[in-house]
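Step one of this worksheet: look at the structure below.
No value in this document is a laboratory result; all are computed from the given coordinates. What you are looking at is a predicted structure, and each value in this text was computed from that prediction instead of being measured. Please note: Cβ atoms are built from the backbone with ideal geometry, for glycine as well, and neighbour counts cover all protein chains shown.
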Amino acid sequence: MTPAGAAKATAQAMAAPTRPEVPPDAPPPPAGDSAAAWREWAAAALARAGVPSPRREAALLLGHATGRGTAWAWAAGAGDALSEEARRRLADFVRRRAARLPFAYVVGTVEFADVRLRVAPGVLVPRPETETLLEAALSLAPDGVPLRLADLGSGSGALAVALARRRPRAEIWAVDASPRALACAAANALEHGARDRVRCLLGDWWTAFSGHARAALPLDGAVCNPPYLTPEEWRGADPEVRAEPVEALVGGPTGLEAFDDVLAGVPGRLRPGGFLAFEVGAGQAGAVAARMRARGFTAVRAARDLAGHERVVMGVWEGAGACGG
Ligand SMILES: C[S@@+](CC[C@H](N)C(=O)[O-])C[C@H]1O[C@@H](n2cnc3c(N)ncnc32)[C@H](O)[C@@H]1O
């Protein structure tokens, strides 16, 4: 662009400030800078897009867009002004959330147990119910002793990072078949000061333990939140779920295929006396427990999440000779 052209473009930009980009079906955004008016507009736009709890989400997005938190965003009144940058950021958040992207993808972070994790499209958003799997692992992994653990299908690294924080003497191998997920896990481990103890391995479940990683075997324990939906369940899921990577969610025609794959690889990878804890989907606990017993696990039991659903199945590996496993 010539200097004259640049000057003209600058003059035009100053004369007509660009309007924030808003969702196609949204009501017109407020003319002024009132935080309360923008919050109400966000709630209306999200409601029109069918987002559940639009008022709550509008306040959460306003809190993120301003960096002032949710309490401020809920309480902000007509006298609280939003900067142009905050208005633009809020409109961008609302546009993406109204397209039914998961909330965590829109703001780029999610809370899991006591950690705030980065998350991005292509990586599963950690769920609150997965904290039940974390609690199960903590009940099986003693504190104060060196441990070698695996987080099979680590995704964002939620379990690996949370375990590393709670078990400072543990080394955790975060395994995932997705390079994007693994990069996210590595970034989260770095951010939480655990990069030296969270070792990222790209590959297929246990077979990822090849080359230098083979020396880590056998392990003291493993957690695994595998893909466990059936294709039909996935098709019937909310748009936000279908915006997540399908390979992180769908296990195969029965939903149980990944459990079988992981269990088949246990011999030689877990030490006798080591533990394995799975997250399971609705109605899967009995089938997974039966599979674990058939493969030579003892002390097999389920744990319930806060909603009362059997969410985790765990057991102790007795060794390959125990049951022909
Ligand atoms: C349900 S997500 C769990 C993510 C994370 N652990 C959590 O709880 O939020 C399942 C993860 O398993 C990974 N995965 C799927 N098939 C795999 C395979 N064959 N080997 C390794 N990882 C796999 C997916 O990429 C995904 O990150």
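Protection proxy ranking of 179-190, 46-57, by the mean of other Cβ atoms within 10 Å over each peptide's residues and highest first, is 179-190, 46-57.
The distance between label points at Arg293 and Glu233 comes to 2.2 nm (points 7 Å beyond Cα on the Cα→Cβ vector).
Report the local net charge at Gly221: Lys and Arg +1, Asp and Glu -1, summed over other residues whose C-beta lies under 12 Å from its C-beta. Don't skip to the end; give the middle numbers.
Details: positive: Arg148, Arg167, Arg269, Arg271; negative: Asp151, Glu171, Asp220.
Neighbourhood net charge equals +1.
Rounded to the nearest 20 debye, the dipole size of segment 249-323 about its Cα centre is 240 debye, using +1 on the Cβ of Lys and Arg and -1 on the Cβ of Asp and Glu. Were the residues from Thr109 through Arg242 laid out at 0.36 nm apart, the gain over their Cα-Cα distance would be 46.0 nm. All other residues whose Cβ lies under 11 angstrom from that of Cys200 are scored, Lys and Arg at +1 and Asp and Glu at -1, for a net of 0. Whole-Hz Karplus values for segment 135-141 come out as 4, 4, 5, 5, 6, 9, 9 Hz, taken residue by residue from phi with 6.51 cos²θ - 1.76 cosθ + 1.60 and θ = phi - 60°; glycine and proline positions read x.
How would Leu149, Leu138 line up from fewest to most surrounding beta-carbon atoms within 10 angstrom?
Ordered from fewest to most neighbouring Cβ atoms within 10 Å, Leu149, Leu138 come out as Leu138, Leu149.
Considering only Gly153, Leu306, Ala189, the residue lying farthest towards the positive end of the dipole of the chain is Ala189, judged by Cα position with unit charges set on Cβ.
What number, in percent, do you get for the relative contact order of segment 109-317 if the mean sequence gap of Cα pairs under 8 Å and at least 6 apart is divided by its residue count?
Relative CO of segment 109-317 lands at 20 percent.
Antiparallel versus total DSSP beta bridges in the chain: what percent is that, nearest 5? Around 45 percent antiparallel, to the nearest 5. A Förster distance of 25 Å, applied to the separation of the beta-carbon atoms of Ser53 and Leu138, puts the FRET efficiency at 0.20. What the phi angles of segment 148-155 give under the Karplus curve with 6.51, -1.76 and 1.60, with θ = phi - 60°, is a coupling list of 10, 10, 10, 10, 7, x, 6, x Hz, glycine and proline written as x.
Counted by neighbouring Cβ atoms within 10 Å, the residues Val288, Val300 run from fewest to most as Val300, Val288. Assuming a ≥ b ≥ c are the square roots of the Cα gyration tensor eigenvalues, decide whether segment 183-325 counts as rounded (a/c under 1.5), prolate (otherwise, with a/b larger than b/c) or oblate. Oblate is the answer for segment 183-325, as a/c is 1.5 or above yet b/c matches or exceeds a/b. Rounded, prolate or oblate: which one fits segment 22-99, using the alpha carbon gyration tensor with axes a ≥ b ≥ c (rounded when a/c is under 1.5, else prolate when a/b beats b/c, else oblate)? It comes out prolate by the Cα gyration axes. Set Lys and Arg Cβ to +1 and Asp and Glu Cβ to -1, take the dipole of segment 22-99 about its Cα centre, and tell me which of Gly32, Ala73, Leu61 lies farthest positive. Of Gly32, Ala73, Leu61, it is Leu61.
Structural size metrics of the chain, computed from C-alpha coordinates, are Rg and Dmax of 23.6, 82 Å. Specify the inter-centroid distance of segment 269-291 and segment 191-252, based on alpha-carbon positions, in whole Å. One Cα centre to the other: 15 Å. Full extension of the chain segment joining Ala71 with Thr207 gains 44.3 nm, where the gain is 0.36 nm per residue of separation less the Cα-Cα distance. Taking Cα atoms only, the orientation of helix 35-48 departs from the longest principal axis of the chain by about 60 degrees.
Based on Cα contacts under 8 Å between residues 6+ apart, segment 22-99 shows a relative contact order of 40 percent. Placing a label point 7 Å from the Cα of Asp33 along the Cα-to-Cβ direction, the residues of segment 77-121 with a backbone N closer than 12 Å are 80-88.
Close amide H partners of Gly273, meaning residues 5 or more places away or on another chain with modelled amide H under 5 Å apart, are Trp317, Glu318, Gly319. Summing +1 for each Lys or Arg and -1 for each Asp or Glu, what net charge is found among the other residues whose Cβ lies under 15 Å from the Cβ of Val115? Here the charged neighbours net out to +2.
Report the extension gain between Arg100 and Arg301 in nm, rounded to one decimal, defined as 0.36 nm multiplied by the number of residues separating them, less their alpha carbon distance. Mind showing how you got there, number by number?
On the way: separation 201, 0.36 × 201 = 72.36 nm, distance 3.68 nm.
So the extension gain works out to 68.7 nm.
Computed from point charges on the beta carbon alone (+1 for Lys and Arg, -1 for Asp and Glu), the dipole magnitude for the chain about its Cα centre is near 440 Debye. If only the Cβ of Lys and Arg carry +1 and only the Cβ of Asp and Glu carry -1, the dipole of segment 22-99 around its Cα centre is close to 240 debye.
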